[in-house]
Amino acid sequence: MKIVIVNTNQSMGGAAKAALRLFQSLRTQKGVVVNYLVSTKASSDPDVLCPWPTFSHATTTLLYLLDSFVLRFYPKRKRMLFSLNRLPTKLSSLINNLNPDIVHFHWINFGFIPIEEYERIKCPIVWTLHDSWVFTGGCHLPSDCTKYEQHCGACPQLGSSELTDLSYKTWERKKSAYAKIKLSVITPSRWLASCAQKSSLLKNWPIRVIPNGIDLEIFCPSDRKEERKRLGLPENKKLILLSAFGIESDPNKGLHLFDALFKDLKNAGLTDLEFLILGTKKVKKNTNRIFPVHDLGTLKDERRIAQLYQAVDLTLLLSRQENLPFTVMESLACGTPAVAFHVGGIPDIIEHQINGYLAKPFSIEDIAAGIKWCLEDKGRYVQLALKARKKCEENFSLEQLRKSYLSLYHELQR
């Protein structure tokens, strides 16, 4: 069996992590040949293919700028990612030349594969959704908008009142393309599956839930004191990690809520906290904050990332909308409970007051209460940590991920 996995980035971002981990897991199986097709290549692995390997980062940036240029005609648009996938990159020819039995899409935006090329691919398409783009008129996070359930147009993210605006036209392009392909839709969370099933574009396609997987040998519990010594972190403080790629520029990730959260934590009587932020390019320093905040920048090495989860007391997620976030999954696998809003696919990972705390959307006061609840009782905390690890062992191993997808691939070949 020959599989081609497709994702814009090789390793950067949650979708890339999911695609890369599946690629690495599948290539260990006898009888399976797998290639990983990307727009931005970050290694010399011969099985990772790129149409423009010499200038992959520059080309990907150029594709994104050209593909999104028309958005300039919507000056009232919100500053959120909106993808069109209009450029004729002819990636379908490259895919067909590889002669795969299955092509497996993940996140293919930034102009990587145009919508019109899907029908030219000569084998079944499996598509794992990492956000809502596949069933909307261009937005990735619809928030409270449900127009995708009928027909996009007059898009609130574009700041448009025109019924036949760019979101309408992109929806129409997708409708035309989906009618001509054999598609199997996968979502990592039950929440995203529900959204896809309600959508006018995907409601007639088979939709399955297959959770993302992680390496449970890397992301595993360790001695917290020892990990703090190795990383040079304070040993006498309660450390809380906030980890999200691009957190400083993405309003969905909730970094702007910090100051209000700190006030509520102080009012709740918590005083010995320090915060670590992972996934930033640069966070604006604020010396007036009640609690110290340490900007860790970005890390690519999974073992170093696991060390951070092993060293801290809690992981915090302040996102308003998430699919099945790796940051929570990886934290729990390391025996570190997590606190987050009860939104999206997060309840698939965090079980309220069993392995973490699910706060009322979008109550910062309840987030503060959740942090206090997790930390104030040592016996309770030990049980949270044990059940956090157990949740991941039972649901999110790479072996389970590999078996689920191989079963699907074989089914599609019958």
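The values are calculated or read from the model by the stated rules, or taken from the named source; none is laboratory data. Worth saying up front: this structure is predicted, and the values here are computed from it rather than measured. Neighbour counts are summed over all protein chains in view; Cβ atoms, including those assigned to glycine, are modelled from backbone coordinates with ideal geometry. The area values use the complete protein model at the heavy-atom level, side chains included, leaving out ligands, DNA and RNA. Shrake-Rupley method; radii C 1.70, N 1.55, O 1.52, S 1.80 Å.
When residues of segment 32-60 are filtered for being touching a residue at least 12 places away in the same chain (Cβ under 8 Å), farther than 20 Å from residue 96 by Cα and surrounded by fewer than 15 Cβ atoms within 10 Å (Cβ to Cβ), how many remain? Of the residues in that region, 2 qualify.
Name the one entry in 383, 400, 353 that is surrounded by fewer than 18 Cβ atoms within 10 Å (Cβ to Cβ) and over 25 Å from residue 265 (Cβ atoms). On inspection, the qualifying residue turns out to be 400. Of note, residue 74 does not satisfy the criterion of being within 28 Å of residue 247 (Cα to Cα), within 23 Å of the chain's Cα centre (by Cα) and touching a residue at least 40 places away in the same chain (Cβ under 8 Å).
Quick grid of which residues meet (1) of a type in the set (A, V, I, L, M, F, W, C); (2) over 19 Å from residue 381 (Cα atoms); (3) surrounded by 15 or more Cβ atoms within 10 Å (Cβ to Cβ); (4) under 20 Å from the mean Cα position of the chain (by Cα):
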position: 295; (1), (2), (3), (4): no, yes, yes, no
position: 303; (1), (2), (3), (4): no, yes, no, yes
position: 309; (1), (2), (3), (4): no, no, yes, yes
position: 312; (1), (2), (3), (4): yes, no, yes, no
position: 343; (1), (2), (3), (4): yes, yes, yes, yes
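Among the candidates 227, 235, the residue that is part of a helix (DSSP H, G or I), more than 30 Å from residue 81 (Cβ to Cβ) and of a type outside the set (A, V, I, L, M) is uniquely 227. Residues of segment 372-392 that are in a helix (DSSP H, G or I) and free of Cβ contacts under 8 Å to residues at least 40 places away in the same chain: 373, 378, 379, 380, 382, 383, 387, 390. Going by the structure shown, is residue 209 hydrophobic (A, V, I, L, M, F, W, C), crowded, with 19+ Cβ neighbours inside 10 Å and closer than 20 Å to residue 136 by Cβ? Judged against the criteria, residue 209 is not a match. Only a single item in (1) part of a helix (DSSP H, G or I); (2) in contact with a Leu (Cβ under 9 Å, 6 or more places away or on another chain); (3) of a type in the set (Phe, Trp, Tyr) is not met by residue 127, and it is number (1).
Rundown of residues vs (1) under 18 Å from the mean Cα position of the chain (by Cα); (2) closer than 25 Å to residue 24 by Cα, yes/no style:
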{"residue": "203", "(1), (2)": "no, no"}
{"residue": "211", "(1), (2)": "yes, yes"}
{"residue": "215", "(1), (2)": "yes, yes"}
{"residue": "221", "(1), (2)": "no, yes"}
{"residue": "229", "(1), (2)": "no, no"}
{"residue": "234", "(1), (2)": "no, no"}
{"residue": "242", "(1), (2)": "yes, no"}
{"residue": "257", "(1), (2)": "no, no"}
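Those residues that are in contact with a helix residue (DSSP H, G or I) (Cβ under 9 Å, 6 or more places away or on another chain), open to solvent by less than 60 Å² (accessible area, probe 1.4 Å) and within 25 Å of residue 346 (Cβ to Cβ), I need them from segment 185-204; list them, please. Once the filter is applied, which keeps residues that are in contact with a helix residue (DSSP H, G or I) (Cβ under 9 Å, 6 or more places away or on another chain), open to solvent by less than 60 Å² (accessible area, probe 1.4 Å) and within 25 Å of residue 346 (Cβ to Cβ), segment 185-204 yields 185, 186, 187, 188, 189, 195, 196, 199, 201, 202. Consider segment 153-197 and keep the residues that are of a type in the set (Lys, Arg) and in a loop (DSSP other than H, G, I, E, B). The one that is nearest to the chain's Cα centre (by Cα) is 182.
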